[in-house]
Amino acid sequence: MQRSMRFRYDVIVIGLGRVGLPLSLYLEKLNFKTLGLDKNIELINKLKNKNMPFVENGCDKLIKNSKINFTSDYKNISNCKNIVITVGSPLLQNIETDLSAIKNTITNLIPYLKKNQNIILRSTLAPRTTIYVKKLIEKFSNLIVGKDIGLSFCPERLAENRALYELKRLPQIIGADDKLSKKMAIDFFKNFKVKLFSTTTLSSELVKLFQNTSRYIEFATANLFSLYANNFNQNIHEIIEIANYKYPRGKISKPGLTSGTCLRKDFGFINELNHSPDLMLSAWKINEYMPLHIVNTLKSFKEFKNMKIGILGATFKKDSDDLRDSLVPKLIRYLEREVPKGIKIYEPNIKSKLILGYQNLNSTKIMEYSNVIIMAINHSVFSKKNFYNNIKKNTIIVDLWNTLNKDKFIFVKK
Ligand SMILES: NC(=O)c1ccc[n+]([C@@H]2O[C@H](COP(=O)([O-])OP(=O)(O)OC[C@H]3O[C@@H](n4cnc5c(N)ncnc54)[C@H](O)[C@@H]3O)[C@@H](O)[C@H]2O)c1
């Protein structure tokens, strides 16, 4: 890593969440003199005490030995050569891009910006957000992008819990609209020793959005097929198994509760810009309908007033401890509309006794309690043979993902 003598730090990472924190630790591992900044003071204190705020493979060990300085003070920006921004980029309620975190970050850092610094936007961004950031910088500072400072969009593409593994391997997209910004971004990322692809900022934004959205549509297709199979009173898991078996083309994904902070909003960044409903909006509609599909299917099996429901898994995806943008809260709201006898959760990846306001039982207790089990998320522990054996006889089981490998969406344990 080539060090600039003019700056005390090689890099500052702004936004120390699921993307920014593993990235900071990885940069330190690559020998970057690293500073981490987040507006959340509670988080900063936790990090100063060398505690990981979430589970991410390998990061516990790195943070224990880390010498990264963590701060909430934007003044430190002027001491940093590279400024990597990984703050959240959510969607407002009615499919409208929420630029507030990006705007606040840029507004806060502008007073401390200096010539020769390099800004890298790494949050997932709506089309043309990098150009918007350029305009903000040039309006509120006397610096020109491409002449005085660098500005690029270089998206993060990793999956949670695979951060350290994927940072080492995933090709990096460099989105830059001028020579200086491109050179500065390449100088930074060449230290990762991965394949680099250079393109415009807008194409770089679209690469990230198209990639995530295509997965979202793929899962929506599987979910739509499961709804159709249900209408025909046929077994979706059996159909998918037969279709995919040793067939070399067009694998069908498994149905499931498809959401998460990325997939649930990225489609909206593009859809918002069109005047009419499109395929992406349809995908959203299908994926968001799946919790209700579970509830409607259950209706024909037993009266809700007698149901003691155990929900297995509460996070947004398999083997994660991340509850953000999970569809389980929505599932619970729909179940509550039917007034069941009770609902309890078993989420093996979260230790707290209460989750979403419901008791988080252990595996034995949830089996004892439930006469209905909903496999809400396909955590690996649920696929173990003993796990299924421990479910009581006559329990109604809903297994949208086929986690139990019984090839049935809903069935009664014999
Ligand atoms: N989580 C993932 O697996 C993943 C993967 C690829 C891309 N992304 C994208 O990366 C971005 C960040 O995602 P995340 O999951 O890390 O989000 P996150 O919510 O976990 O972290 C964002 C952090 O930014 C901080 N922050 C917000 N505004 C700030 C400001 N003005 N100044 C300083 N700090 C500020 C927040 O306090 C928070 O700690 C999003 O755009 C997301 O879509 C996420």
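Read-outs throughout are calculated quantities, based only on the coordinates presented, and are distinct from any laboratory measurement. Small disclaimer: the values here were computed from a predicted structure and weren't measured. Quick reminder, even Gly has a Cβ in these numbers, built from the backbone with ideal geometry, and neighbours come from all protein chains shown.
Find how much the distance from K114 to K46 grows on full extension, using 0.36 nm per residue of separation minus their present alpha carbon separation; answer in nm with one decimal.
Gain in length upon complete extension: 21.5 nm.
As a check on your grasp of the helix formula, calculate [θ] at 222 nm for the chain: sum -39500 (n - 2.57) over DSSP H runs of n ≥ 4, divide by the residue count, round to the nearest 500.
-11500 deg cm²/dmol
Put +1 on the Cβ of each Lys and Arg and -1 on the Cβ of each Asp and Glu in segment 9-199; which of I14, S181, V133 then has its Cα farthest toward the positive end of the dipole?
It is S181, whose Cα lies furthest towards the positive end.
Using modelled backbone amide H atoms (1.01 Å from N, in-plane), which distant-in-sequence or interchain residues come within less than 5 Å of S198's amide H?
The list, which skips near neighbours in sequence, is I174.
Could you give the length gained by full extension between K39 and N274, i.e. 0.36 nm per residue of separation minus their alpha carbon distance, to one decimal place?
81.2 nm
At R0 = 35 Å, how high is the FRET efficiency between N389 and K183 if r is their beta carbon distance? Nearest 0.05 is fine.
Using R0 = 35 Å, I get an efficiency of 0.05.
What is the sum of charges, Lys and Arg at +1 and Asp and Glu at -1, for the other residues whose Cβ falls under 14 Å from the Cβ of N40?
+1
By Kyte-Doolittle mean hydropathy of at least 0.0 and Cα axial length of at least 20 Å, which whole DSSP H helices of the chain are selected?
Qualifying helices, which must be both long enough and hydrophobic enough, are 201-231, 279-299.
To the nearest 20 debye, what is the magnitude of the charge dipole of the chain about its Cα centre, counting +1 on the Cβ of each Lys and Arg and -1 on the Cβ of each Asp and Glu?
Dipole about the Cα centre, nearest 20: 1100 debye.
Which ³J(HN,Hα) values, rounded to whole Hz and listed in residue order, are derived for segment 379-388 from phi using the Karplus coefficients 6.51, -1.76 and 1.60 in 6.51 cos²θ - 1.76 cosθ + 1.60 with θ = phi - 60°, glycine and proline given as x?
Values per residue, Gly and Pro as x: 4, 4, 4, 6, 7, 5, 4, 4, 4, 5 Hz.
Scattering from the C-alpha atoms of the chain alone, worked out with Debye: what is log10 I(q)/I(0) at q = 0.14 1/Å?
Debye intensities relative to I(0), on a log10 scale: -1.23.
Treating only the Cβ atoms of Lys and Arg (+1) and Asp and Glu (-1) as charged, compute the dipole magnitude of segment 209-412 about its Cα centre; round to the nearest 20 debye.
Computed charge dipole of segment 209-412: roughly 660 debye.
Name the residues whose placed amide hydrogens come within less than 5 Å of the amide hydrogen of I410, ignoring near sequence neighbours (fewer than 5 apart) on the same chain.
D399
What residues qualify as long-range amide H neighbours of I119, i.e. H under 5 Å apart, gap of 5 or more or another chain, H built at 1.01 Å from N?
Sorted by chain and number, the residues that satisfy this are I83, G150, L151, S152.
Just flag the GluC sites (Glu not before Pro) in segment 289-364 sitting in loop per DSSP whose Cβ has no more than 14 other Cβ atoms within 10 Å.
Taking segment 289-364 and a limit of 14 other Cβ atoms within 10 Å, the loop GluC sites (Glu not before Pro) found are E303.
Across segment 53-63, in residue order, what do the Karplus-derived ³J(HN,Hα) couplings come to in whole Hz, using 6.51 cos²θ - 1.76 cosθ + 1.60 with θ = phi - 60° and x for Gly and Pro?
x, 8, 7, 8, 2, x, 7, 3, 5, 5, 5
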